[in-house]
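Participant: Before anything else, here's the structure in question.
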Amino acid sequence: MFKKTILCIGAGYVGGPTMAVIAKHCPEYKVVVVDINPRRIAQWQSDNLPIYEPGLDEVVYIARDRNLFFSTDVDSHIASSDIIFVSVNTPTKTFGQGAGRAADLQHWEKTARQILRNSSSGKIVVEKSTLPVRTAAAMERILNSNDKGIHFEVLSNPEFLAEGSAIKDLEQPDRILIGARNTESGKKALEEIIEIYAHWTPKEKIITSNVWSSELSKLVANAFLAQRVSSINTISALCEKTNADIEEVSRAIGMDSRIGPKFLKAGVGFGGSCFKKDILNLAYIAESYGLTEVSRYWEQVVEINSYQQERFVRIIVTSMFNTVAEKKIALFGFAFKADTGDTRESPAISIAKSLMNERAILSIYDPKASEGIAFELADYAGRFTVEEDPYSAAQGAHAIIVATDWTEFGSYDYQSIYETMEKPAFIFDGRNILDHHKLFKIGFSVHRIGRPPMSRLG
Ligand code: NAD
Ligand code: UGA
């Protein structure tokens, strides 16, 4: 009764939301999302979805059990599908050649072999995961070197959604990019993928390219976005030395239409599962083609990101009389950005670890990321607590550190919080989101990123 069956392998932050939106807009397609992680699949089938993402529940509830299904049975769903999106994780390699920089493609290659094993007819295989440029060539070789006489067409369709705004980004994308081979079968497959997105995306926003440009564009988009964050963060350091104000500088340069206002927010540095891994991968690819200068250029973006976090911790320790040992410090925010429970590569991790290495005792509060805290800080058990509310986190603390830009952090009763804290009480706003003048009036010493401190201590 369905026109076609779409399968997505990998039910993570990308696979789940993307397929839910496709299923919502394309009721004539059957959309199945599979994963090897049974817990994740059970959560997708429940009222407690595995990821927090504004608007996600509504979209899933519209389509689930109508034309959207979740399953752990990867093999049989491969056999019965026409189009397969592959959205498995592609983390940085931790071993062997390219360790710490290259993408680990073992999940991806295993998936390709699994597709081949379970297919008795040709299929369209779509790279949804972020992959090194020219990965599709390797995939084509694995898939098409078969003796079953069947042909697989490999396309690239990278995902540009950001966490916290995934549903909005999927519903109203800036663009959909699809890379395909310029062959008869390539063009036919391309039309089939365009047809899916055309259900809700204006045609002019669906752009096509060759496969390699599509693969590379994804890495480059992330590299450019991260580069803007690192660029503004270097200037925040200069602002702190010169009494220039980073918010004023960002506003002034962002009004130049050639520069634009987005991604100019200075802070504790970028986190998330992708920026660092994708830039390191881009740098590694450049180096593997002998382009050492290109590689070094992009590596600097990651180095500046670490520098910004180290700098922030240095300011905290120095301001607190050069010692935080055995002092209680409240950490507000652990997710890598607001509106997500995701803690992967969060700047809060390195900040928390550095402070605990200085023997601080942390009490951590995050509205959605409690689960990730214990996981990320497992080696530091006993040196931190996870709190259910910000008021108990700050009680008896010498300082509050804001590590995530959750809007709710601006709405607390800081007068009451101040009264329960040790004095002098410090706030280190690593995201420049609080009302600093109000906090200073209450009695806090306030430290900001890229702006002069408001210190009561002379
Ligand atoms: P994720 O870790 O949340 O999800 C990946 C899922 O794939 C996991 O649930 C894992 O169990 C599953 N998986 C791994 N191997 C499998 C196999 N052989 N068979 C079935 N399932 C398997 O990762 P993610 O954040 O969704 O990212 C997926 C890809 O999308 C990555 O390449 C990433 O770079 C890219 N991407 C991520 C984002 C983002 O915001 N998270 C945005 C754009 C692109
Ligand atoms: C990013 C890209 O924005 C997406 O387009 C891409 O699809 C995705 O990576 C991916 O490939 O995984 P995401 O990491 O979810 O999305 O979130 P962003 O909004 O890009 O933020 C990344 C980090 O940069 C966060 O830690 C955020 O706080 C920080 N950031 C962002 C700043 O410090 N300042 C800014 O001005 C903007």
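Taken together, the values in this text are just the output of simple stated rules run on the coordinates, not laboratory data. Quick caveat: nothing in here was measured; it's all calculated off a predicted structure. Using ideal geometry, Cβ is built from the backbone for each residue, glycine included, and neighbour counts are taken over all protein chains shown.
Participant: Calculate how large, on average over all directions, the projected area of the Cα convex hull of the stretch 302-409 is; give the answer in nm² to one decimal.
Facilitator: Result: a mean projected hull area of 6.4 nm².
Participant: Among 297-303, 217-223, what's the highest-first ranking by average C-beta atoms within 10 angstrom per residue?
Facilitator: Output ranking for 297-303, 217-223: 217-223, 297-303.
Participant: Hey, another quick one. Just how far, in whole angstrom, is the stretch 328-350 from the stretch 222-278 if you go by their alpha carbon centroids?
Facilitator: One Cα centre to the other: 19 Å.
Participant: Jot down the radius of gyration and Dmax of the chain, Cα atoms only, both in angstrom.
Facilitator: Considering the chain through its Cα atoms, Rg and Dmax are 23.9, 79 Å.
Participant: Can you give me the distance in nm between label points at LYS441 and GLU326, each placed 7 Å from the Cα along the Cα-to-Cβ direction?
Facilitator: So the label points at LYS441 and GLU326 sit 3.8 nm apart.
Participant: Further question on the same structure: Can you tell me the relative contact order of the chain? Whole percent, Cα pairs under 8 Å, sequence separation 6 or more.
Facilitator: Computed value for the chain: 11 percent relative contact order.
Participant: Going by amide H atoms built from the backbone, whose H comes under 5 Å of the H on CYS8, apart from near neighbours?
Facilitator: The answer is VAL32, VAL33, VAL34, PHE85.
Participant: Now a separate question. Counting other Cβ atoms within 10 Å, which trypsin sites (Lys or Arg not before Pro) in the stretch 57-103 have at most 15 and lie in a DSSP loop?
Facilitator: ARG66
Participant: Quick check on the exposure proxy: order LYS438, LYS123 from fewest to most C-beta atoms within 10 angstrom.
Facilitator: Neighbour counts put them in this order, fewest first: LYS438, LYS123.
Participant: A further question on this structure: Under the definition of Cα pairs under 8 Å and six or more residues apart, what whole-number percent is the relative contact order of the stretch 210-458?
Facilitator: The normalised contact order for the stretch 210-458 reaches 20 percent.
Participant: A further question follows. Multiplying the sequence separation of ASP379 and ASP413 by 0.36 nm and subtracting their Cα-Cα distance, what value in nm do you get?
Facilitator: Between ASP379 and ASP413, full extension yields 8.9 nm more.
Participant: I've got another one for you. Check cross-link reach from LYS93 to the lysines: straight Cα distance under 21 Å, and skip same-chain residues fewer than eight apart.
Facilitator: The qualifying lysines are LYS110, LYS128, LYS218, LYS276, LYS277.
Participant: Considering amide H positions built from the backbone, and no H for Pro or chain starts, which residues 5 or more places from ILE401, or on another chain, come under 5 Å of its amide H?
Facilitator: Excluding prolines and chain starts, which carry no amide H, the hits are ALA330, LEU331, PHE332, PHE428.
Participant: Would the stretch 210-458 count as rounded, prolate or oblate if I go by the C-alpha gyration tensor, calling it rounded below 1.5 in a/c and otherwise prolate when a/b exceeds b/c, oblate otherwise?
Facilitator: Prolate is the answer for the stretch 210-458, as a/c is 1.5 or above and a/b outweighs b/c.
Participant: Where a ≥ b ≥ c are the square roots of the eigenvalues of the C-alpha gyration tensor, would you call the stretch 4-209 rounded, which needs a/c under 1.5, or, failing that, prolate if a/b is larger than b/c, or oblate?
Facilitator: Because its axes are fairly even, with a/c under 1.5, the stretch 4-209 counts as rounded.
Participant: Go ahead and run the numbers for FRET between LYS187 and ASP73, Cβ-Cβ distance against an R0 of 45 Å, rounding to 0.05.
Facilitator: E(calc), rounded to 0.05, equals 0.90.
Participant: Can you list which of the trypsin sites (Lys or Arg not before Pro) found in the stretch 242-318 are DSSP loop residues with at most 15 other C-beta atoms within 10 Å?
Facilitator: ARG258, LYS262
Participant: Another question, then. Give the long-range amide H neighbours of ALA103: residues separated by 5 or more places, or on another chain, with amide H under 5 Å away, using H modelled in the peptide plane at 1.01 Å from N.
Facilitator: LYS93
Participant: Counting only C-alpha contacts under 8 Å and six or more residues apart, can you give the relative contact order of the stretch 325-444 as a whole percent?
Facilitator: Answer for the stretch 325-444 is 29 percent.
Participant: Moving on to the next point. Which loop GluC sites (Glu not before Pro) in the stretch 394-458, with loop taken from DSSP, have no more than 16 other Cβ atoms within 10 angstrom of their Cβ?
Facilitator: Taking the stretch 394-458 and a limit of 16 other Cβ atoms within 10 Å, the loop GluC sites (Glu not before Pro) found are GLU422.
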